[in-house]
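Down below is the structure, laid out as structure tokens.
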Amino acid sequence: MTRPNGAIYMDQITIKAPDDWHLHFRDGVLLPETVSATARCFKRAIVMPNLIPPVTKREQALAYRERILEAAGPGSDFNPLMTLYLTDETTPEQIKEAASKIIPAAKLYPAGATTNSEGAVGSIEKLFPVFEAMSECGMLLLVHGEVADDNVDIFDREKEFIDQHLAPIHVCFPNLKIVFEHITTSEAVDFVLQTGDNTAATVTPQHLMMNRNDLLSGGIRPHNYCLPVLKRNVHQQRLREAVASGSHKFFLGTDSAPHTKQAKENPCGCAGCYSAWGAMELYAQIFDELGAMAKLEGFASIYGPMFYGLPVNRETVTLIRDSWTMPDIIELPSGESIVPFYAGQQINWRLEL
Ligand code: NCD
Ligand code: ZN
């Protein structure tokens with residue numbers, strides 16, 4: 001069967017096993033929950049370092065990786081890839097010491113831009129020797145692309161970051177591979193498309209499925225609150241076009257970021273959507289709506305490893321058109337609970353396990 005836009009209607013699709021190039025596992029008692037939710041369908045994940053205290057050094061990253069592997073269990077082939085949290089104190093030596101196959105990247109958070117970023121980078125310019133070292137040893141720079149400036153409107157912070165910081169970094173270090181994480185605006189799409197092969201971007205399910213009305217219209221919906229914040233529908237549309245185009249510069253990064261129900265449903269609620277329970281299925285739903293199922297494999301399983309210089313997974317996964325409902329709540333052994341992203345809503349695709 002053919003759809004009006006010429007795309008073939010599919011009831012199932014088999015693709016190379018996907019990876020998640022941006023997520024938050026947290027630590028300690030949360031790891032059994034978060035790691036198994038992701039290892040359910042992703043073979044590898046780029047693990048964000050914004051723990052308390054943050055993962056700033058090689059030994060911390062390696063120890064954190066061991067805790068993740070333990071949570072994945074002895075039979076698991078899940079491969080967590082670690083990142084260093086850049087601070088004003090990070091040195092080029094620390095970068096050279098850490099850069100490796102299992103610590104392929106470092107994360108730049110402007111101090112105060114998002115969850116657990118208070119101790120991050122105050123002066124981006126002062127980090128240029130660190131970027132130089134990263135460029136030399138092939139370590140990727142992952143950026144939270146928002147200025148942390150209360151004088152800049154929250155909806156403009158991504159665009160400001162491009163102009164003030166990202167464009168200059170790219171000009172000064174053309175060989176530095178940069179991943180512009182969880183992009184939300186048409187300006188970010190333009191930046192990535194207009195720069196060379198050393199820039200790419202991850203795109204989350206929530207920024208493809210939603211816009212700021214889903215956050216603020218008819219009542220505040222704290223479970224749709226994440227950073228960078230959801231933008232106008234024209235930006236959402238641009239992101240959808242970007243991934244549907246099949247450009248290799250855009251790939252999968254869920255930004256799955258759990259917070260307890262209590263921390264989200266709060267007068268000052270935390271930013272982050274816990275999407276791991278349905279991430280791959282939601283991306284399938286999005287690409288299906290876009291009539292772009294043929295482009296799903298590139299986005300989910302090919303372009304990420306290509307950019308990181310890693311092999312594509314050998315295994316495959318199959319997604320089937322079959323509806324199910326995301327649970328309303330996930331109870332944790334600690335007695336706390338998490339409201340997952342898309343809670344209580346119907347998803348039209350199911351991962352065959
Ligand atoms: C993330 C978190 O909770 O750690 N939150 C979010 O809204 N995305 C941090 C981040 O990626 O900005
Ligand atoms: Zn994140």
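Figures for the structure shown
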item: Evaluation of LEU30 against (1) closer than 26 Å to ILE302 by Cα; (2) crowded, with 18+ Cβ neighbours inside 10 Å (one fails), failing number; result: (1)
item: Condition met for ARG58 (surrounded by 15 or more Cβ atoms within 10 Å (Cβ to Cβ) and either without any contact (Cβ under 8 Å) to a residue 12 or more places away in the chain or on the phi > 0 side of the Ramachandran plot (or both)); result: no
item: Residue selected from segment 175-201 under the condition closer than 18 Å to ALA105 by Cα, in contact (Cβ under 8 Å) with a residue 40 or more places away in the chain and not aliphatic (A, V, I, L, M), by the criterion farthest from ligand 1 (Cβ to nearest atom); result: ASN175
item: Among (1) of a type in the set (A, V, I, L, M); (2) touching a strand residue (DSSP E or B) at 6+ places or on another chain (Cβ under 8 Å); (3) under 24 Å from ARG240 (Cβ atoms) - the single one VAL147 does not satisfy; result: (3)
item: Answer from ILE178, ILE220 - the residue that is out of contact with any helix residue (DSSP H, G or I) (no Cβ under 9 Å at 6 or more places or on another chain), at pLDDT 95 or above and either hydrophobic (A, V, I, L, M, F, W, C) or buried (at least 24 other Cβ atoms within 10 Å of the Cβ) (or both); result: ILE220
item: Selection status of GLY291, away from ligand 2 (no atom under 16 Å from the Cβ), small (Gly, Ala, Ser) and either buried (at least 21 other Cβ atoms within 10 Å of the Cβ) or farther than 28 Å from ILE338 by Cα (or both); result: yes
item: Residues that are within 16 Å of ligand 2 (Cβ to nearest atom) and not in a helix (DSSP H, G or I), drawn from segment 32-43; result: PHE42
item: Helices (runs of 4 or more DSSP H) contained in segment 56-173 and holding at least 1 residues under 21 Å from the mean Cα position of the chain (by Cα) and at pLDDT 95 or above; result: 58-72, 128-137, 157-161, 167-172
item: Subset of segment 143-159 that is under 15 Å from PHE191 (Cα atoms) and within 16 Å of ligand 1 (Cβ to nearest atom) - its residue that is surrounded by the most Cβ atoms within 10 Å (Cβ to Cβ); result: GLY145
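The values are calculated or read from the model by the stated rules, or taken from the named source; none is laboratory data. Since the model is a prediction, treat every value here as computed from it, not as a measurement. Please note: Cβ atoms are built from the backbone with ideal geometry, for glycine as well, and neighbour counts cover all protein chains shown.
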